[in-house]
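Structure, as structure tokens:
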């Protein structure tokens with residue numbers, strides 16, 4: 001065999017190996033994270049392009065997916081349709097008749113299937129919701145006509161069975177049930193839908209539940225046979241002016257630690273929280289720093305991933321500009337950081353045995369989250385504000401350590417230092433807004 005032929009053969013082999021799809025995903029042996037078909041940890045790194053099927057053409061949807069892929073996202077959270085009255089850009093309604101679950105529009109659902117296939121070609125996981133309950137009288141569960149209840153148990157079960165069969169071929173597909181609300185009055189027909197879906201969808205298409213904040217999936221359905229992974233969902237601890245119940249909501253790190261420490265382990269992700277954008281003051285819109293801290297808090301408190309949100313969820317006319325929000329690019333820095341380390345070996349420093357001081361105040365924005373690897377040779381801390389922390393290096397394994405400060409706003413390691421003493425060291429950044437500290441044993 002010539003050198004050229006050998007090179008071509010090796011190149012083709014490398015392409016074949018590279019081209020192996022990561023889907024369908026599996027759950028790790030310890031039930032803490034997703035695993036690909038190649039048994040590699042998969043960090044769930046989602047964008048919430050919820051209304052893609054009604055607001056974009058096929059060509060626009062592919063443009064959106066390709067751009068998000070280039071920014072580092074590997075997952076999309078989408079709704080088949082958010083509200084009963086919506087139609088696609090091709091003039092198709094999801095149902096015939098008056099939102100009749102017993103008469104799904106085949107053409108509309110063909111479009112859904114087509115776009116899931118486009119996502120698969122980009123190795124994007126799709127996490128699909130239907131029917132969305134809604135928080136505010138805008139969807140299937142809370143709109144004035146209450147379509148879920150009006151369709152009754154039998155038609156809800158039929159529609160769940162229909163979707164399970166219709167989309168069974170997709171290996172890059174998981175499911176979201178509920179949607180921004182607890183079941184409440186929709187309980188019986190909604191359960192029938194979920195049971196129908198679980199009956200016909202392949203078991204690798206795991207199902208979660210999107211409850212109302214601050215509830216997680218396991219708060220409501222911890223022992224449901226169909227619950228494959230959990231969503232946590234919360235906004236902020238501080239009480240906004242117009243939401244009288246919001247003071248009951250925990251910070252993301254509080255919700256994550258609560259989920260992580262439940263007696264029956266189930267993989268969880270941050271399914272939704274504050275969105276980056278220009279929305280109503282004191283509502284759910286946040287700054288780039290807010291979306292950064294939500295993601296790092298989740299990952300360092302035992303989460304398997306997170307979802308980033310922005311104004312793009314409903315695809316207004318300037319959606320191409322929204323794709324370029326700074327927070328979206330900074331989420332790319334986040335995935336780059338975690339891909340450099342064995343993040344799946346991290347466990348939260350719940351008892352402050354590693355970071356023993358300076359970790360801020362529980363329930364406040366300044367709370368420092370820390371995780372340590374199983375072999376205790378790596379520590380990662382997220383400092384949401386400029387402050388010094390005290391690390392007990394006696395807790396870590398090793399005699400000499402390298403520390404590096406990672407700037408989550410630009411993705412650069414900007415300062416490095418060495419620790420060669422096994423005692424408590426006070427360490428902190430000099431300036432900036434928020435920082436990630438990576439400490440690794442080097443002997």
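Quick notes
- Taking 0.36 nm per residue of separation and subtracting the current Cα-Cα distance, fully stretching the chain between residue 388 and residue 28 would add 126.1 nm.
- Model label points for residue 204 and residue 361, set 7 angstrom from Cα along the Cα-to-Cβ axis, are 5.0 nm apart.
- Between region 149-216 and region 326-371, the Cα center-to-center distance that results, in Å: 33
- Fraction in percent of alpha-carbon pairs per bin - 5 Å, region 122-245: 2, 11, 20, 23, 19, 13, 6, 3, 2, 0
- Over the chain: helical MRE at 222 nm, DSSP H runs n ≥ 4 each giving -39500 (n - 2.57), nearest 500: -9000 deg cm²/dmol
- Distance (nanometres) between label positions extended 7 Å along Cα→Cβ at residue 169 and residue 421: 6.6
- Nitroxide proxy distance, nm - points 7 Å out along Cα→Cβ at residue 138 and residue 339: 3.3
- Against the main long axis of the alpha-carbon atoms of the chain, helix 3-18 sits at an angle near 70°.
- Protection-proxy order for peptides 268-274, 174-180, 327-333, 347-353, each taking the mean of Cβ atoms within 10 Å per residue, highest first: 268-274, 174-180, 327-333, 347-353
- Contact order normalised by residue count of the chain, Cα under 8 Å, 6+ apart, percent: 12
- Most tightly packed first, judged by the mean number of other beta-carbon atoms within 10 Å of their residues, the peptides 74-82, 415-423 read 74-82, 415-423.
- Quotient of C-alpha Rg and 2.2 N^0.38 Å, computed over the chain: 1.02
- If you plug the beta carbon distance of residue 351 and residue 87 into 1/(1 + (r/R0)^6) with R0 = 56 Å, you get a FRET efficiency near 0.55.
- Cα-based shape type of region 382-443, given that a ≥ b ≥ c are square roots of the gyration tensor eigenvalues and the cut on a/c is 1.5: prolate
Just so you know, all these numbers are worked out from the coordinates, no wet-lab data involved. Keep in mind the model is a prediction, meaning the values are calculated, not measured. Every residue, glycine as well, gets a Cβ built from its backbone with ideal geometry; the counts of neighbours run over all protein chains shown.
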